[in-house]
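Before any comments, here is the structure.
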Amino acid sequence: MSLRTITQLRTITQKGPMHSIDDLHELERALHSGLTGTSQVVDEYEAALSGLYGIKHVIAVSSGAASVTAALAGVDFQPGDEVIVAPTGPICTVLPILSLGLVPVFCDVAPDSFGLDPQDLQRCIGPRTCAVIEVPMWGYPIRSNETLATMRQAGIPLIQDLAHAHMTRLNGTWLAQHGDISCFSTHDCKFISTGEGGFVMTDDDDRARRIRAYTRFGNLTGESLGINLKLGGLQAALGLARSRQLYSHLERRMRNRDLLLSMLDNPAFRELPVVKGGAVNAYSLLLQSVGHDGRQLVHYQQRHGIESDIGKYDNQPLYQLPLLTRYQRDCPNAARLLRSLTTVPLHQNLLDDDLHYIAKVLNDYSPD
C-alpha cells in the first residue's frame, strides 16, 4: 500500500480494548470466592505479578496515586521532610507527597531524558530529604541504576513511579528492579488495566510490612497509622487475567513500533533517544521535534485524528501549576523536553492500515 494514497481522515486513539474471554472466567470465579481486598483472588494477582517481575513483595492498591502514597509509607519521614522528584511527571505523583505533609523538591532531568540530572540531584539533596522519586514517562527507560547507586551512598531510598513503565527494561532486567520501591498504575489507559488500580513492589521485608499495613488501616491494631487503599476482588480478577497477556501485548506493541519507525522519514522530528542498555515497552512512541516548537507537531497530528497525551494534558513543568508554584526551581532541561515532544499511539489493537495512516500524516508534516 502506498503511503501517499491514504487521505481519509480517521481517529487513532491512545488505547485499545484489552478484554478477552479469560476476563469473564476470572470475574465469575471472583464473584464466588470473594470481592474484598483480602480475598483469595487478590493474593493470586499479587503472586502472579511477583513471579513475572521477580520481586518478592507485591501489594495491590486502589490506584496509581495510592501506590505512591503507600510507597511513601514505607520510608521514614517527619512532616515537612522533602521528597525529590522531577517536574516532568504527572501531578498524580506529587499530590500524595503533599497529602502526607511532605515537601516536593523539583530536580531537573538530564537532557532529552526523564531521568534525574545527576548534578542537579546532588544540589537538591539536603538534611531533610527522606526519599527520591523517579518517573520515567511513556515507557522509556531512564538510568535508574545510576540514581540508585547515588541514593545508596546517601542513605536515601529511591522510589520509582512506573505507571507507564510496565515491562520496560534496563541492562537486561526489569526497570522495577533498579529501585528500593516501585509503584505502578493499572488505570484503564495503562499497559495493563483493571479499570482503577495499582500496585507496589519491593524486595525489602520491612518496607513491605509497613506498606501493606498502611493500606489496611494499620492492620486495625491501633499501633500505626493507616487508611484503606486495598484493591477489590473484581479489579484483581481482571488484573490476574490480563497479567497473562502482558508478553503478547508487548510483542504486538513492539512490532507496531518497529513497523512505524521503518516508515517514518521526516527530518523535522526524531524518536526520543533510548538510554544505553534500555528497552522501551512501546506504551507510546515519543517523537521529539528538531529545531522548532514541538507543540506544532502535537496540534498537527491532533487535527488529523491522531491522539497525543501531550495535547490532551498540556504537559508542562509541574511547578507551573497553581498548586505547585511555591515549589518552583529552575529546571531548563525539563521545560525544553516537554515542549519538544509528542506521543503517538502504538497499542496492540492498531491495524497495519492505521500505522500506514499515521506514517503518511507524520511524513507530510512541515513545521512553520
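The values are calculated or read from the model by the stated rules, or taken from the named source; none is laboratory data. All figures in this text were calculated on a predicted structure; none of them were measured in a lab. Cβ: placed from backbone, ideal geometry, glycine included. Neighbour counts: every protein chain shown. What goes into the accessible areas is simple: the full protein's heavy atoms, side chains included, and nothing from ligands, DNA or RNA. Shrake-Rupley method; radii C 1.70, N 1.55, O 1.52, S 1.80 Å.
Give the residue that is surrounded by the most Cβ atoms within 10 Å (Cβ to Cβ), with candidates limited to residues of the range 69-84 that are among the acidic types (D, E) and in contact with a Gly (Cβ under 9 Å, 6 or more places away or on another chain).
So the residue we want is E82.
Please tell me if Q348 is closer than 30 Å to L121 by Cα and outside any helix (DSSP H, G or I).
Here the answer is no, as Q348 does not meet what is asked.
Restricting to the range 178-206, count the residues that are closer than 14 Å to R242 by Cα and aliphatic (A, V, I, L, M).
Final tally of qualifying residues: 1.
Residues of the range 156-175 being buried (at least 24 other Cβ atoms within 10 Å of the Cβ) and of a type in the set (S, T, Y), which ones?
T168 - this is the single residue of the range 156-175 that is buried (at least 24 other Cβ atoms within 10 Å of the Cβ) and of a type in the set (S, T, Y).
Consider A237 against the criteria (1) touching a Gly at 6+ places or on another chain (Cβ under 9 Å); (2) closer than 21 Å to L35 by Cα: it satisfies all of them except one. Which criterion is unmet?
Status for A237: all satisfied but (1).
Quick one: which of P79, P111 is more than 20 Å from G232 (Cβ to Cβ), over 23 Å from the mean Cα position of the chain (by Cα) and in a loop (DSSP other than H, G, I, E, B)?
Being more than 20 Å from G232 (Cβ to Cβ), over 23 Å from the mean Cα position of the chain (by Cα) and in a loop (DSSP other than H, G, I, E, B) holds for just one of P79, P111, which is P79.
Within the bounds of the range 4-19, is there any residue that is more than 24 Å from the chain's Cα centre (by Cα) and modelled with pLDDT of 95 or more?
So far as the range 4-19 goes, no, none of its residues is more than 24 Å from the chain's Cα centre (by Cα) and modelled with pLDDT of 95 or more.
Among the residues of the range 312-332, write down those that are under 21 Å from G139 (Cα atoms) and surrounded by fewer than 18 Cβ atoms within 10 Å (Cβ to Cβ).
Listed by number, the residues that qualify are K312, Y313, D314, Q316.
Pull out all pairs, ordered by first then second residue, where Cβ-Cβ is under 6 Å, the residues are six or more apart or on different chains, the first lies in the range 195-210 and is of a type in the set (A, V, I, L, M), and the second is in a helix (DSSP H, G or I) and at pLDDT 95 or above.
Every condition considered, the pairs that remain are V200/S67; V200/A70; V200/A71; V200/I211; M201/A176.
Where residues in the range 7-25 are within 15 Å of D188 (Cβ to Cβ) and not polar (S, T, N, Q), which of them is surrounded by the most Cβ atoms within 10 Å (Cβ to Cβ)?
The extreme case among them is M18.
Tell me which residues, restricted to the range 230-265, are farther than 17 Å from E26 by Cβ and open to solvent by less than 20 Å² (accessible area, probe 1.4 Å).
The answer is R253, N256, L260.
Working only within the range 266-279, note down all residues that are over 18 Å from V298 (Cα atoms) and open to solvent by 50 Å² or more (accessible area, probe 1.4 Å).
Result: P273, V274, K276.
Got a number for residues in the range 176-191 being under 26 Å from Q348 (Cβ atoms) and either among the charged types (D, E, K, R) or surrounded by 24 or more Cβ atoms within 10 Å (Cβ to Cβ) (or both)?
Of the residues in the range 176-191, 9 are under 26 Å from Q348 (Cβ atoms) and either among the charged types (D, E, K, R) or surrounded by 24 or more Cβ atoms within 10 Å (Cβ to Cβ) (or both).
Report every pair of residues separated by at least 6 positions or lying on different chains whose Cβ atoms are under 8 Å apart, first residue within the range 18-30 and more than 23 Å from L346 (Cβ to Cβ), second part of a loop (DSSP other than H, G, I, E, B) and among the hydroxyl-bearing types (S, T, Y).
A30/S39
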